[in-house]
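I have placed the structure first, in the form of C-alpha cells, so that the comments after it can refer back to it.
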Amino acid sequence: MTFGDKMSKPLKVLVHGTGFAGQGHSAAFRDAGAEVVGIVGRTPRVVEQVAQDMGIAYGGTDWQQALQDCQPDIVSIATPGGAHFEPIKQAIAAGCHVFCDKPLTADGETAAELHRLAEAKGVKTAFAASFRYMPEVLHAKRLVAAGAIGEPVEVECVSHFNLERDIPFGWSHRAEDGGGRLNNNFTHKLSIVTSVVGETILSVMGDVRDDLGKAPIVKGVHNFKTRREHIPDDLDDPSLEWGESNVEWSYAVQAQIESPFAKKPVSVMFKHGGLHPRFNEDYIAFYGQKGAIYIKGHYGGGPLYLYGADKTWTETALPADIAANIPNVEGDTERNWRYLIRLLVKDIQGEEVPPYQGFKEGAQYQQIIDILRRNESWVDVTHLG
C-alpha cells in the first residue's frame, strides 16, 4: 500500500470522554472527514448509550484495550484535565496523533513531559485553546497584521461570568482535576491575544483568588453543560454534603508579548471574575499607536469596532472570506473545535495548513498557570514611609 492509498482512506479516531466535549469532538472529526471508530468513558451504561446515539461501533471503559482494539490514527481527549496524562501517554506510545482539550494536564511538569514524548515519537498534536478561531478574532488578526492600528502597544481582556456559586462540586473545583478559571478561561484568552499580536510570551505576573470556598456534592452530574440543572433546591438541608474548592475563581494577570508588528513588547492585561456580575459588556481591546480594535464579548464574539484616523469608533463588518471559512454549526465551542480539528486532519493527510497550537503551547500554558498560582508577584511595602 502506498502513502497515497493510505491517506485516501478516512483517518480513524478514538475518543476519550462521553460528555459534552466527547460528543462535540466526535461530531467535529466526522465533519472533517475522519471516521470515529470508538469512544471510551467511565460508566458502561453511559458509554453504551452515547455510542448508540452517535452511531459509534465501539464503546468501552478500558482505554488501553480500546487503543489495541481500535488501532486509531488519532485520539481525541475530551475528559477533564486531571484525567489527561496517562491516556495521552499511552496514545503517544501507540503512535497516535493527539487532539486534546485544554488544559493539557493538571500541572506544568506532566504537560512538559507529554510534549517531550510527542516530539520524540514524531506524532502531531493539537491543543484546543481554540477560541482564537472566533470569526472576529480572525478579523482582528488580519487588521493588526495589515497595520490598521499601527504598532500594537496594549491589550485588555475583561470578563465577568457571574457563575452560580452553588453549581455541584466536581472537577472544575479541583486543581488536581484540571479545574480553575486559569485552566478554563485564561487559556483561551491568552491564545486569542497571541494569535493576534504575536506568539512569543516574554513574561507574566498576576494574582489569583478563590472567592467560592465550597460547593454542594450532588450525584448524577454527567454533562458539564447541564450541571446548573443539578443545583439542590434546599441549600440549607443539614444532610447536604459540601466539597472544598482549591482553585481560583478570579484572576488578574499582566503579560508582555513579543510582536512582529511592534518594536517594543506588547503589554497585556487579563481581568476575569468568574463569580462576579458584569455591569457592562465583556470585551477584548487591542490598542496601537495609530488606532484601536474593540471586540464585544468575553471571547471576542463581536461585533468588532475599529478606531482610526477619523477618531471615531466604527463597527466593521466581518470579511466575506473569513465568514465563508467558518464551520457551519451552532455554538462557539463546537465551531472552534471544528476549525482546529479541520487543520489537524489536513495536516496529518499531508496538506499545507497554517500553524496551529500543539503540546508545545499546551505545556507552556500549564507552566505559566503554575507560576501564576504561586502568587509570588507581591512586594511587601508595609515597612515603607
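The values are calculated or read from the model by the stated rules, or taken from the named source; none is laboratory data. What you see is a predicted model, and the numbers here were worked out from it, not measured in a lab. A quick note on method: Cβ atoms are made from the backbone with ideal geometry, for glycine too, and the neighbour counts reach across all protein chains shown. For the accessible areas, the whole protein counts, side chains as well, though only heavy atoms, and no ligand, DNA or RNA atoms are used. Shrake-Rupley method; radii C 1.70, N 1.55, O 1.52, S 1.80 Å.
Output the pairs from LYS141/LYS311; LYS189/LYS271; LYS102/LYS360 with a Cα-Cα distance over 18 Å in this structure; if there are none, say none. Long pairs (Cα-Cα over 18 Å): LYS141/LYS311. Considering the stretch 1-108 at the alpha-carbon level, its Rg and Dmax are found to be 13.3, 42 Å.
Given the stretch 120-169, report the % of alpha carbon pairs whose separation exceeds 17 Å. Everything past 17 Å amounts to 65 percent. Show log10 I(q)/I(0) for the stretch 181-259 at q = 0.15 Å⁻¹, two decimals, from a solvent-free Debye sum over equal Cα scatterers. Evaluating at q = 0.15 Å⁻¹ gives log10 I(q)/I(0) of -0.72.
Using every pair of distinct Cα positions in the stretch 230-291, the Kirkwood expression returns a hydrodynamic radius of 16.3 angstrom. Per residue, the stretch 141-286 exposes 46 Å² of accessible surface when a 1.4 Å probe is rolled over the protein heavy atoms with every protein chain present.
Take the Cβ atoms of GLU199 and TRP313, set R0 to 22 Å, and the FRET efficiency comes out at 0.20.
Set against the 2.2 N^0.38 Å expectation for a compact globular protein, the stretch 307-385 has a Cα radius of gyration ratio of 1.84. Simple point charges give the picture: +1 on the Cβ of Lys and Arg, -1 on the Cβ of Asp and Glu, and for the stretch 261-342 a dipole about the Cα centre of about 420 debye.
At q = 0.12 Å⁻¹, what is the base-10 log of I(q)/I(0) for the stretch 54-168 according to the Debye formula with one equal point scatterer per Cα and no solvent? Please give it to two decimals. For the stretch 54-168 at q = 0.12 Å⁻¹, log10 I(q)/I(0) is -0.65.
Among complete DSSP H helices in the chain, those whose alpha-carbon atoms stretch at least 18 Å along the helix's long axis and whose mean Kyte-Doolittle hydropathy reaches -0.5 are 359-373. Of the GluC sites (Glu not before Pro) found in the stretch 226-318, those that fall in a DSSP loop while having at most 16 other beta-carbon atoms within 10 Å are GLU241, GLU281. Evaluating kT/(6 pi eta Rh) at 25 °C and 0.890 mPa s, with the Kirkwood radius of the chain over Cα pairs in the Stokes-Einstein relation, gives 112 µm² s⁻¹. For the stretch 49-109, the equivalent ellipsoid derived from the alpha-carbon gyration tensor has semi-axes of 21, 14, 10 Å in decreasing order. Length gained on full extension, ARG209 to ASP380, computed as 0.36 nm times the residue gap minus the Cα-Cα distance: 59.8 nm.
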